[in-house]
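K.L.:
Okay, handing you the structure first.
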Amino acid sequence: MNADVPDVIDVGLRFLDRQIIDCNDREVAKVDDLEAAFDGEGRPYVIAIMCGPGAWAPRLGGRPGRWILAIWRRLHPAVEPEPARIPMNVVAKIDSAVRLSVPRTSTAAATLDRWVDHHVIGRIPGAGNEHV
Amino acid sequence: MKKLLEVFLGVLTAIGGFVDIGELVANTEAGARYGLALIWPVLLGLVVVLLYAEMAGRIATLSERPVFDLVRERLGERAALINLIGSVAVNFLTMTAEIAGVALSIQLATDVSYFLWIPLVAFGVWMIIWKVKFSILENVFGILGLTLFAFAVAVWQMHPDWHSLFSQATHPTVPHGEGHPTYLYWAIAVFGGTIMPYELFFFSSGAVEERWTRKDLFINRANVYLGFPLGAAAAISIMTAAALVLKPANIQVNHLDQAALPVGLALGKVGLAVVLVGFFAATFGASLETALSNGYVISQFFGWSWGKLVSPREAPLFHAVMLVTIILAAGLGLSTIDPIKITEYSIVFSAVALPLTYVPVLIIANDPNYMGDKTNSRMTNALGMISLVVVVVAATAAIPLMIATKAGA
């Protein structure tokens, strides 16, 4: 068990909607939703952080939520799209932000980020092309 | 010594940065129409923005988080999303007005239509954000903006009757033939032009990025408490110049060159040239700030990597947001909609959107989880609450008054 990740947490107050920061101090995403499982005694525990419209649109609810979810599903390359997951085993610390032990680009939450980098921003001259 | 220079530069930047297209248009129109009877909204706006900018700077310094990041965390997703949509819409309108303002300033200097300049200005804004990383230039534009004090020199050169100016300002009356609703509508426009929401986003994001610490809190206070009042003084001199020259001549303000007219009359060509530099610097600086603010709030809502000092590939979505909004703003600017009208709407909608930003700032500034021992004092809270009432009244009254008066016609 990691001492910097508490065993018990108030999910609504201290976890949901928090900023996720990677091992290089760069922002990754927000904690848009959580995936929970139940242990043998029926207590819930968090197994992954979920990010992106697939996670926050259902929380938004109502017609706007349904529409955003539908647009996201339509645009997603997968047939049965799942929201991006960040498993709890890469979470290094939870303080004012959720800190990961891995770089931003290695997480599933950075898919859109990588796509925009690769197809748009990285192609504009002067973007700083250390890796293409 | 280095610290002193930093404070000095910060204050100069804050003075120059205070004035933008909103003040240029609203204060000139108000001065031409009502004399000095609308100085009080400038002063009221100044007090409100002083209080809340100091809070936002303090929040950013202590929590190391910009305002919009905390808005989502504290208000939850749904309220923050509504807030985001409102703030981005107003920001976008403001950015369009600022870019058009730069183009109009160049038109005044060159006599070449502003339509030709808009794409070039938009490209320049993009290039600065893309390559220069806008840190030195922030000071350059701020300091060049100080040339707007030519308005104060012009007022002084016109040898006005100071006593009558003072009594106009302290005993505001609605002129004959003008309705009270129209007067109040312009009061809200001047108020909204003085405090635009993007200023807080930009200010707090900058504080986070430059990694202010507790020791820098006094820089925050110096910037706000010295820079903003001096900026407001420049804004008031613009209104006074309009009141002295345009009002007696019954000139209706439809173009930006009418704002510069009093200085041209009082100080001649040199004065006019100096003021045009001021127009250019103030609107260009604000174009950059509004463009960055859109990137900030959207990225901070979704948790994307952001920062004016971060390389584009480290923050691709942040840069993509700015690229798209700059192109759209240039498009709207080219659509032949009158840029003065765009400015008027952007400042009135600014007033409407203010509570969205100010309510969470006041809540967070009282939360010891973020602020430690630096939560608001009782005095700040009392003044903050009164300001909030003013802001909410202005926001609620703005749209009904806009409809009733046909946007101040």
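K.L.:
Could you check A:His118 against (1) touching a Phe, Trp or Tyr at 6+ places or on another chain (Cβ under 6 Å); (2) free of Cβ contacts under 8 Å to residues at least 40 places away in the same chain and say which number it fails?
P.N.:
(1)
K.L.:
On to the next question. Assuming B:His176 fulfils every condition listed in (1) without any contact (Cβ under 8 Å) to a residue 60 or more places away in the chain; (2) in a helix (DSSP H, G or I); (3) of a type outside the set (Phe, Trp, Tyr) apart from one, which condition is it?
P.N.:
Condition (2) is where B:His176 drops out.
K.L.:
Can you list the strands (runs of 3 or more DSSP E) lying wholly within the stretch A:55-108 that have 1 or more residues being surrounded by fewer than 16 Cβ atoms within 10 Å (Cβ to Cβ) and within 13 Å of the chain's Cα centre (by Cα)?
P.N.:
Numbers: elements: A:84-87, A:91-94, A:98-100.
Per the criteria, A:84-87.
K.L.:
Looking at the structure I just gave you, is B:Thr61 part of a helix (DSSP H, G or I), hydroxyl-bearing (Ser, Thr, Tyr) and touching a Lys or Arg at 6+ places or on another chain (Cβ under 9 Å)? Steps first, answer last, please.
P.N.:
Details: part of a helix (DSSP H, G or I): yes; hydroxyl-bearing (Ser, Thr, Tyr): yes; touching a Lys or Arg at 6+ places or on another chain (Cβ under 9 Å): yes.
Taking the combined requirement at face value, the residue satisfies it.
K.L.:
Of A:Ala55, A:Ala37, A:Ala48, which residue is in contact with a strand residue (DSSP E or B) (Cβ under 9 Å, 6 or more places away or on another chain), within 15 Å of B:Gly76 (Cα to Cα) and more than 8 Å from chain B (Cβ to nearest Cβ)?
P.N.:
Numbers: A:Ala37 fails: within 15 Å of B:Gly76 (Cα to Cα); A:Ala48 fails: within 15 Å of B:Gly76 (Cα to Cα).
Testing whether each residue is in contact with a strand residue (DSSP E or B) (Cβ under 9 Å, 6 or more places away or on another chain), within 15 Å of B:Gly76 (Cα to Cα) and more than 8 Å from chain B (Cβ to nearest Cβ) leaves just A:Ala55.
K.L.:
On the given criteria, is B:Val102 over 18 Å from B:Gly17 (Cα atoms) and of a type in the set (Val, Ile, Thr)? Full working, then the answer.
P.N.:
Working: over 18 Å from B:Gly17 (Cα atoms): no; of a type in the set (Val, Ile, Thr): yes.
For B:Val102, the condition - over 18 Å from B:Gly17 (Cα atoms) and of a type in the set (Val, Ile, Thr) - is not met.
K.L.:
Still on this structure, I have one more. Checking B:Leu323 against (1) surrounded by fewer than 21 Cβ atoms within 10 Å (Cβ to Cβ); (2) more than 10 Å from chain A (Cβ to nearest Cβ); (3) touching a residue at least 60 places away in the same chain (Cβ under 8 Å), which single condition isn't satisfied?
P.N.:
Answer for B:Leu323: the failing condition is (2).
K.L.:
Let me ask something else about it. Among residues belonging to the stretch A:1-34 that are facing chain B (nearest Cβ under 9 Å) and among the basic types (Lys, Arg), point out the one that is farthest from A:Ala108 (Cα to Cα).
P.N.:
A:Arg18
K.L.:
Hey, does the stretch B:14-29 have a residue that's of a type in the set (Gly, Ala, Ser), part of a helix (DSSP H, G or I), modelled with pLDDT of 90 or more and more than 16 Å from the chain's Cα centre (by Cα)? Spell out how you get there, then give the answer.
P.N.:
Residues of the stretch B:14-29 that are of a type in the set (Gly, Ala, Ser), as a first pass: B:14, B:16-17, B:22, B:26.
Checking which are part of a helix (DSSP H, G or I) leaves us with B:14, B:16-17, B:22, B:26.
Right, trim to modelled with pLDDT of 90 or more and you get B:22, B:26.
Applying the additional criterion that residues be more than 16 Å from the chain's Cα centre (by Cα) yields none.
No - not one qualifying residue is present in the stretch B:14-29.
K.L.:
Please state which of the following conditions B:Thr290 fails to meet, knowing it meets all the rest: (1) within 12 Å of another protein chain (Cβ to nearest Cβ); (2) farther than 18 Å from A:Arg123 by Cβ.
P.N.:
Only one criterion is unmet by B:Thr290, namely (1).
The values are calculated or read from the model by the stated rules, or taken from the named source; none is laboratory data. Nothing here was measured: the structure is a model prediction, and the numbers come from that model. Cβ sites come from the backbone with ideal geometry, for glycine too, and all protein chains shown count toward neighbours.
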